[in-house]
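Have a look at the structure below, then the notes.
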Amino acid sequence: MKKQNRRSFLQFLGRAGVGIGASAFLVNIQACSPNEKSKTPTTDVKKPRPFPLKDIQHSLEDKLVLTNGLEYDILIKWNDPISETDQFGFNNDYLAFVPFDKNNPNDGMLWVNHEYFQELFISGSDYEDKSKKTKEIIDIEMYSVGGSLVRIRKNNAGKWEVVLNDEHNRRLTAKTEIPFHWNDPIQGSTSAIGTFANCSGGVTPWGTILTCEENYDMFYGETDHSDPKKPFRNLDGDYYGWSQHYDYPPEHYGWVVEVNPLTGEAKKLVALGRCAHECATVHETKDGRLVVYSGDDSNDECLYKFISNEPKNLKDGKLYVANTTEGKWISLDYNEQEILRQNFANQTEVLIRLREAAKLVGGTPLNRPEDIEIDPITGHVLVALTNNKPKGDYLGEILKIVETDLEDKTSLTFLASTFLAGGEDTGFACPDNMAFDPKGNLWFTSDISGSSINSGPYLPFGNNGLFMIPSWGDQKGKVIQIASAPIDAEFTGPFFAPDGETLFLSVQHPGERSKDLENLSSHWPEGGSAQPKPSVVCISGQGLKDLMQGEF
Ligand code: FEO
Ligand code: CA
Ligand code: CA
Ligand code: CA
């Protein structure tokens, strides 16, 4: 297969962008005066048609249930071969499709995050005693996480398929050496071994992928600085036991990692700080600088924004933390904050110990900030706050940030309010991943943890779901449940193909509450007595075709 021309690929991204971006935003801002935002952006008068997607009932079935007019195909499952040497990883999460060429949006690279793995399905045991794990078992686990790059294209029947053995297909794993994009070494090294905990992410205007290392402490623990004189490695909580065979420093993980989808070349972006990064959502200013939003998904952790000094540069710039009570972005620059100089040795240490620094300067603790999307119609920044059970927030909400500089988003003040709260009236709980389709409708998934589904405050909601909120027409603002996930699973990584007629979606951790291989809680997707397998699906059908046709 001919290798794709890197120049034409980048030219395409430069001209067309990926998905909907700044240009769509500008068109719509110009089309809508402040009091006219409910109007469609077209002047054509068209006869309204019935909205093509209808709400489904909550489900507890071990099925991927879809609303009428939509269907799904499995694109790829855990352990499927992608080349002669590589297989698809476990627990697929964030997805990003980047076409090779603007003239053919149906052929390109799909990036897939592999966040974590379940020991039972990797090796048949849940290894309550981690000391029993051999190096060989840990090597298999290390291969199951990171990311996959697979070439996909539409075949003659109009179905997306993986191009098996394509020369661009490759894996990044917990064994891939990745340099730090920074001037100083991190914990004595200029590179890290591996990436893992890859949860959600983003795409840059130049077509690289940002993959975010979220719950990194499950792999090599975390350094505890509660006694400044005696920092120690804390292995509390969920922990896979890797450091008994591979003693890599926790400080090498918890970063946003930039990946070139054509070459697999990667770097860890130190300037964006180190925490349980859920996502990295990039906005380009009029003069080409970058604003990157990211949330730290843990109870009472913060929301961040990085502003670059210049275009195409994710190293030089400033990082800020949100104080949502006062509506301020607070600088985390060592030179600007006396309290940071009192507590840390330098800017590198501030970035490594970002959580502590954020609290010192007045960052607001939030209820698990997860995915972030920028509404292409209003310019508002939406942040999914999944829940915070110890604080009594079980159902979560979507937070709305309206930057003072709505267009460029470089301002240091904003207004924060609730966009939509989880609840029986809205029909969802625990919002997590979000995506806008090319028409500007909001889609999102829910993340009710497996152990909570169908119990307590989650009884009304059934299995996890996929929802959408129309941005236009008589259904505008309503929450419509589009799909229900198989047992124990969560939908993750929604990402629309350029024409909006396919939604790529991850189905993560089906059957995660299985006690052993003889007592499986899910058999999705293969059914019968098969072991459950995390998989990526393509959702398509007349319903999406109609939605992309326009006004209702
Ligand atoms: Fe990996 Fe915050 O979900
Ligand atoms: Ca997530
Ligand atoms: Ca998203
Ligand atoms: Ca989540």
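The values are calculated or read from the model by the stated rules, or taken from the named source; none is laboratory data. These figures come from a predicted structure and were not determined experimentally. Every residue, glycine among them, receives a Cβ derived from its backbone with ideal geometry; neighbour counts consider all protein chains shown.
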Restricting the range 72-88 to residues that are among the hydroxyl-bearing types (Ser, Thr, Tyr) and in contact (Cβ under 8 Å) with a residue 12 or more places away in the chain, the one nearest to ligand 2 (Cβ to nearest atom) turns out to be TYR72
Within the range 184-207, residues polar (S, T, N, Q) and either without any contact (Cβ under 8 Å) to a residue 24 or more places away in the chain or buried (at least 24 other Cβ atoms within 10 Å of the Cβ) (or both) come out as THR190, SER191, THR195, ASN198, SER200
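Yes/no matrix, rows are residues, columns are (1) more than 16 Å from ligand 2 (Cβ to nearest atom); (2) modelled with pLDDT under 95; (3) in contact with a Leu (Cβ under 8 Å, 6 or more places away or on another chain):
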| site | (1), (2), (3) |
| --- | --- |
| ILE152 | yes, no, yes |
| GLU161 | yes, no, yes |
| HIS181 | yes, no, yes |
| ASP184 | yes, no, no |
| SER189 | yes, no, no |
| GLY194 | yes, no, no |
| ASN198 | no, no, no |
Which listed residue is aromatic (Phe, Trp, Tyr), over 17 Å from the mean Cα position of the chain (by Cα), away from ligand 4 (no atom under 16 Å from the Cβ) and buried (at least 18 other Cβ atoms within 10 Å of the Cβ), from TRP255, TRP242: TRP242
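Would you pick out the residues in the range 311-324 that are without any contact (Cβ under 8 Å) to a residue 40 or more places away in the chain and either more than 24 Å from LYS268 (Cα to Cα) or in a strand (DSSP E or B) (or both)? Full working, then the answer.
First, the residues of the range 311-324 that are without any contact (Cβ under 8 Å) to a residue 40 or more places away in the chain: 311, 313, 318.
Result: LYS318, single match.
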Can you name the residue in the range 342-364 that is outside any helix (DSSP H, G or I) and farther than 27 Å from ILE469 by Cβ and, of all such residues, is farthest from ligand 3 (Cβ to nearest atom)? ALA345
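If you take the residues of the range 359-387 that are among the hydrophobic types (A, V, I, L, M, F, W, C) and in contact (Cβ under 8 Å) with a residue 60 or more places away in the chain, which of them is farthest from ASP224 (Cα to Cα)? Spell out the reasoning first.
Filtering the range 359-387 for residues among the hydrophobic types (A, V, I, L, M, F, W, C) gives 360-361, 366, 372, 374, 377, 381-385.
Pick out the ones that are also in contact (Cβ under 8 Å) with a residue 60 or more places away in the chain and you get 366, 372, 374, 377, 381-384.
Values: LEU366: 22, ILE372: 29, ILE374: 35, ILE377: 43, VAL381: 33, LEU382: 32, VAL383: 29, ALA384: 28 Å.
Result: ILE377.
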Working only within the range 34-83, note down all residues that are at pLDDT below 95, among the acidic types (Asp, Glu) and closer than 18 Å to ASP546 by Cα. ASP44
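Can you pull out every residue in the range 496-516 that is within 16 Å of ligand 4 (Cβ to nearest atom) and touching a Leu at 6+ places or on another chain (Cβ under 8 Å)?
Here is the first cut: in the range 496-516, the ones within 16 Å of ligand 4 (Cβ to nearest atom) are 505-510, 512.
Matches in the range 496-516: LEU505, SER506, VAL507.
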In this structure, does SER522 turn out to be part of a loop (DSSP other than H, G, I, E, B), in contact with a strand residue (DSSP E or B) (Cβ under 8 Å, 6 or more places away or on another chain), among the small types (Gly, Ala, Ser) and buried (at least 17 other Cβ atoms within 10 Å of the Cβ)? no
Quick check on the range 89-97. Is at least one of its residues away from ligand 2 (no atom under 16 Å from the Cβ), crowded, with 17+ Cβ neighbours inside 10 Å, at pLDDT 95 or above and closer than 20 Å to THR281 by Cβ? yes
Do we find that ALA271 is on the phi < 0 side of the Ramachandran plot, away from ligand 2 (no atom under 16 Å from the Cβ) and part of a strand (DSSP E or B) in this structure? no
Flagged in the range 323-345 as in contact with a helix residue (DSSP H, G or I) (Cβ under 9 Å, 6 or more places away or on another chain) and surrounded by 12 or more Cβ atoms within 10 Å (Cβ to Cβ), in numbering order, are ASN323, ILE330, SER331, LEU332, ASP333, TYR334, GLN337, LEU340, ARG341, ASN343, PHE344
Does ASN299 meet the test of being of a type in the set (S, T, N, Q), in contact (Cβ under 8 Å) with a residue 24 or more places away in the chain, surrounded by fewer than 22 Cβ atoms within 10 Å (Cβ to Cβ) and within 26 Å of PRO457 (Cβ to Cβ)? yes
If you take just the strands (runs of 3 or more DSSP E) that sit entirely in the range 117-221, which of them hold at least 2 residues that are away from ligand 3 (no atom under 16 Å from the Cβ) and closer than 23 Å to VAL350 by Cβ? 177-179, 191-193
Tally time: how many residues in the range 462-492 are more than 16 Å from ligand 2 (Cβ to nearest atom) and assigned to a loop (DSSP other than H, G, I, E, B)? 14
